[in-house]
Amino acid sequence: MFEVFYNQAIRKMTVAFGSLFNNVYVQRLNSSGDEDSRIRVPLGYGPKEKYIRRLREASTIGDSRDVEITLPRMSFEMTSALYDPSRKKNTLQQRFISHTENEKIYNNYTEVPYDFNFGVSAMVKFMEDGLCILEQILPYFTPEFTVTINVSDINQKVDIPIILNSVEINEDYEGDFDSRRMITLDLDFTAKSYVYGPTKSSGIIQKAI
């Protein structure tokens, strides 16, 4: 029943999701209200707890200087995958594509719908930076934003709606007055994507009796 195949559908969908947040900037204003500088927010894959621990535990980089973490910073990760029966199609339906170069026909069965949940976290030093990040993300999700990816030669230009489910702003004031204030923004998304079965190949029928 099972065979080895890899369409990279989940990987391509994850890369497409992360690319949405590649060009988020934070603006710093001067006393007159004009833009003084613009900082690009770095984006990494991983849970926010990893960066919180990095912030709270000082490290050393060879020259005996203690370095914590550079803020602002964003991260994202896939948290779960859930089958979506409401988007199910006929299981026996197939897609075909022919290659004239090698005279073969390729086909696979219909895709299987899955909802992939993603969490995006932003860690900032100032609340103004966090609000600046939010305003560059929220207007595009109403509450969904559609991306298009090419999964394979058979499944091209697949539209994937990405839905913004919730936004949470957390401020941690625990500790003494010398402790750093922790400001994190957590955004929850759902990508309505698909997974695909193996691709089969067969020769072109040139003669029928």
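The values are calculated or read from the model by the stated rules, or taken from the named source; none is laboratory data. This structure is a prediction, so every number in the text was calculated from the model and none was measured. Surface areas here come from the heavy atoms of the whole protein model, side chains and all, with no ligands, DNA or RNA. Shrake-Rupley method; radii C 1.70, N 1.55, O 1.52, S 1.80 Å.
Worth a mention:
- Accessible-area ranking of Ser193, Ser31, largest first, probe 1.4 Å: Ser31, Ser193
- The range 70-79 - phi-based ³J(HN,Hα) in whole Hz, Karplus 6.51/-1.76/1.60, Gly and Pro as x: 8, 10, x, 8, 10, 8, 9, 7, 7, 9
- Residue-by-residue Karplus 3J(HN,Hα) for the range 3-12, coefficients 6.51, -1.76, 1.60, Hz, glycine and proline x: 9, 7, 7, 8, 8, 6, 5, 6, 5, 5
- Phi angles of the range 116-122 translate, via the Karplus equation with coefficients 6.51, -1.76, 1.60 and θ = phi - 60°, into HN-Hα couplings of 9, 9, 10, x, 10, 10, 10 Hz per residue; Gly and Pro are given as x.
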